[in-house]
Amino acid sequence: MNRKILQVGPSTLAVSLPSSWTKKFNIKKGEELTLEEQGNSLRIKTSSPIEEESAKINVSLLHPFSTKIIGMLYRAGYKKIKAIYTPNKTVTHRGKQLKELDMIQNTFDHLTGMQLWELGNEKEYYATIIESAKVNPKEFENILNKLYLHLIHQSEQIYNALLNNKDSFDEAYLTERLINQAQDFCIRILASHGHEDHKKTLHYNNLIYKLESIGDKYFQIALSHHKNKEKINPETLQYIEKAIAFIKESISLCRKFNFEKITSLIKELNESIKNYQEEIKKQETKSTLISFNIYSILLEIYEIIEILFFLNHTYFKE
């Protein structure tokens, strides 16, 4: 939308706002707006409350994707989510048998800043959550740090279990939930407010999804070991240990960029990927799923390093 600049008095310039905006954002005469520079753009912000966005989902019709869609609606910034369900219906969720309502409540419980508001039965049975705490963009770095720490804890947890041939499924299940919770909240912040450096919003979004994806793959490793009880060979364990070291190094570089360290990490990571390709060819078929997930983790760490370069693009400015 283009708007003409108007001159008001000898030294004051003004721009008019379209009525559709003033209605949507509840802007009144005399109210103060906040203007912020974003590169070659200006961003206008208002503190006026706007009508809360709400969403409705029929969980019964959309299972097994329903919980993922609830998470998507939360990440998109919806402040009220209504879930329609079938009473006493049992479903399989994350490897467990649950009543549909219990599955909904379990999903709701992991949405930071939301609370169960209403359980009802009018024309249909429903459960509704609403936002209980406003999203604070200043929390982003802290939650991202928690996401990284949960991922490191999960990777070490699973590595130690495999090293000692122990079942870590229950612990991995809980840790993966913490990873998803932190990821969801980070994305909700970015969807609602963006990053303070607007150029980095998309790339932080990609970084967070990569970290969550790595967590999913570690969970699949724990699940495969839980089901098949296979003993992991020392070579495979070696690459799981390497992946943990690479993740730790990436969080260090995310906090404080260092060109020498990141280039050294790229070389070591690239060499590990090539060597593991050869290692996979030697393995038996029964280990294929675990090997695939380890290989995928190494590739995703490599992609995270690429994202870190963009997040620190100013290093290359002349």
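Full extension of the segment from GLU318 to GLU124, taken as 0.36 nm per residue of separation minus the current Cα-Cα distance, would add 63.6 nm. For PHE257, no residue 5 or more places off, or on another chain, has a built amide H under 5 Å of its own.
Listed values for the stretch 5-22 are Karplus-derived 3J(HN,Hα) couplings in whole Hz (6.51 cos²θ - 1.76 cosθ + 1.60, θ = phi - 60°), namely 7, 9, 9, 10, x, x, 9, 10, 10, 9, 10, 8, 9, x, 4, 5, 6, 4, and x replaces Gly and Pro. For the residues THR92, THR67, THR236, a GNM of the chain with alpha-carbon springs under 10 Å puts the largest fluctuation on THR92.
Rounded to the nearest 0.05, what FRET efficiency do ASP197 and THR92 give with R0 = 30 Å and r taken as the Cβ-Cβ distance? Could you check?
In this case the efficiency is close to 0.10.
In this simple spin-label approximation, LYS256 and LYS68 carry label points 7 Å from Cα along the Cα→Cβ vector, and these lie 4.0 nm apart. Among THR107, THR128, THR90, the largest mean-square fluctuation in a Gaussian network model of the chain (Cα springs under 10 Å) belongs to THR90. Both radii were evaluated on the Cα set of the stretch 137-316; the Rg over Rh quotient, with Rh as the Kirkwood radius, amounts to 0.98.
Rounded to the nearest whole Hz, the Karplus-based 3J(HN,Hα) values (6.51 cos²θ - 1.76 cosθ + 1.60, θ = phi - 60°) of the stretch 144-158 follow the sequence 4, 4, 4, 4, 4, 5, 4, 5, 5, 4, 4, 5, 5, 4, 6, with x at glycine and proline. Partners of LYS282 within straight-line reach, counting lysines whose Cα lies under 27 Å from its Cα and excluding those fewer than 8 residues away in the same chain: LYS166, LYS217, LYS227, LYS229, LYS231, LYS242, LYS267, LYS274.
Spin-label model, LYS23/ILE266: points 7 Å from Cα along the beta carbon direction are separated by 5.2 nm. Please label the shape of the stretch 5-45 as rounded, prolate or oblate, based on the square roots a ≥ b ≥ c of the eigenvalues of the alpha-carbon gyration tensor (a/c under 1.5 means rounded; beyond that, a/b larger than b/c means prolate, else oblate). Judged from the Cα gyration tensor, the stretch 5-45 comes out oblate (a/c at least 1.5, b/c at or above a/b). The label point for ILE152 and the one for LYS248, both projected 7 Å from the Cα toward the Cβ, are 0.8 nm apart. Across the alpha-carbon atoms of the stretch 54-131, the computed radius of gyration and Dmax are 11.4, 32 angstrom. Quick one: if the Förster radius is 30 Å, what FRET efficiency do ASN2 and SER213 give, using the C-beta to C-beta distance and rounding to 0.05? FRET efficiency, ASN2 to SER213: 0.15.
Note on LYS227 and ILE273: with the Förster distance fixed at 22 Å, the Cβ-Cβ geometry gives a FRET efficiency of about 0.25.
Shown here: Cα extents along the principal axes in Å, derived from the displayed model; of the candidates [x] 59, 43, 38; [y] 63, 51, 33; [z] 79, 64, 26, it corresponds to [z]. In the chain the longest region clear of trypsin sites (Lys or Arg not before Pro) that are loop-assigned by DSSP and have at most 16 other C-beta atoms within 10 Å covers 167-228.
In this structure, the amide hydrogen of HIS93, modeled 1.01 Å from its nitrogen in the peptide plane, lies closer than 5 angstrom to those of LEU98, counting only residues at least 5 positions away or on a different chain. Listing TRP117, TRP21 from fewest to most neighbouring C-beta atoms within 10 Å gives TRP21, TRP117.
Per-residue ellipticity at 222 nm for the chain, helices alone: DSSP H runs ≥ 4 residues times -39500 (n - 2.57), over residue total, nearest 500 deg cm²/dmol? Each step should come with its number before you reach the end.
On the way: 10 runs with 177 residues, N = 318.
Mean residue ellipticity, 222 nm, calculated: -19000 deg cm²/dmol.
Just so you know, all these numbers are worked out from the coordinates, no wet-lab data involved. In this text the structure is predicted, and so the values were computed from the model without any measurement. No Cβ is skipped: glycine too gets one built from the backbone with ideal geometry, and neighbour counts run over all protein chains shown.
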